[in-house]
Structures are given as C-alpha cells and as structure tokens.
Amino acid sequence: MVLLLIGQWYTSEAIPRTHNPLLPPSESDLFQHAVHNYAGLLIGALVLLRIGLRMFPPQSLLPRLTNWRDRTSQAVHWALYFSLLGQVAAGFVTSYLWAPAARFHVLFWNVTLILVGLHIAAAAYHAFRGDGVVWRMIPSTLELLIRPTLRSEERNAAHGSDASRTGQSGTSSSE
C-alpha cells in the first residue's frame, strides 16, 4: 500500500499536463495518468479488502479497547481507511464524471497525509518503547526472515497471543 501511495504522488504530477489546452500531452504523461487512475482503483479495492478482513477477525484477534491508546489507534486506522476510500471515490468522480470534484480529491489527499503522519509517529513511539506493537505490524513470515532467532514464546508474547499459555502456535495480525 505504501508503494502504491508513493506511486500515486509521483504520477499525479502528470495529470495537469494531460489536461492542458495549450500543449498536447506527451506519451509519458498519458501513461502516468493511466497508471494513476488504475492504481487508485487498486488502492480502493485493497482498502475494501482490508476493511472486510478487519470486520471479521478470528475471535482471538479482536482488539481490546482498554485505554485511550487503543481507542486512538482504532480511530486513526478507520479514518485512514475512509480517507483513502474518499480519495478513490473523488478521484473516480473527477476522472470520469465531474472534473470540479478534484478539490475533494486533494482534500482527501491532505487528510490522508495527516493520518499517515500520525500513524508513523505512533509506530516510532512504539518502536522506541519496545512494547511489541511494531512487530505486530509485520507479517509473521517476514518477521522470521528478519529475526530468525526469535523463539516462538517470544513471538507469541510480542503478538499478544494467548497461544504461549495453551501450547498452540501463534499467528500474527498484519496492520
């Protein structure tokens, strides 16, 4: 998702050049505009998939909203999902139905940047604290490549899993 968003930012520079009435757009600009549109639709599909996965987690992976940090984390995640969906919808409307909707597309982009900044700041905070939250964001297969000496008990503790007490192998949730 991060790479797609960076690609969106990069290819967005070509869009005004493809709509300039005084200069014909270059082939590169037309290609970048198409990549921007289709990548935006892909982002929308991935966000909808992520929302679906988040709505129906296994019972053991349900988040515990016990304090203000948990509630803030949930709020920022849902706000990110909705700002990305709003941006995709506004981009679709701008490209195919009504060009003045570009203002809303830019507004959602700015909201998304603020939320991504909050997300990065929170991740840095948790990395500094060393409380295991950052490891929950990394898929377990990638984690094993990064930290191959991590014992299963430590991995379960880092993921907040009860599997270490029951003797079952733990799973991780990718955020």
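Observations
- Scanning segment 26-57 for residues that are surrounded by 12 or more Cβ atoms within 10 Å (Cβ to Cβ), in a helix (DSSP H, G or I) and not aliphatic (A, V, I, L, M) yields a total of 10.
- The sole residue among PHE128, PHE108, PHE104 that is within 20 Å of ILE6 (Cα to Cα), over 19 Å from the mean Cα position of the chain (by Cα) and either modelled with pLDDT of 60 or more or loosely packed, with under 14 Cβ neighbours inside 10 Å (or both) is PHE104.
- Index of the failed condition, LEU23 passing every other in (1) loosely packed, with under 12 Cβ neighbours inside 10 Å; (2) of a type in the set (A, V, I, L, M, F, W, C); (3) part of a helix (DSSP H, G or I): (3)
- Residue list for segment 11-20, filter: assigned to a helix (DSSP H, G or I) and without any contact (Cβ under 8 Å) to a residue 12 or more places away in the chain: PRO16
The values are calculated or read from the model by the stated rules, or taken from the named source; none is laboratory data. Since the model is a prediction, treat every value here as computed from it, not as a measurement. Please note: Cβ atoms are built from the backbone with ideal geometry, for glycine as well, and neighbour counts cover all protein chains shown.
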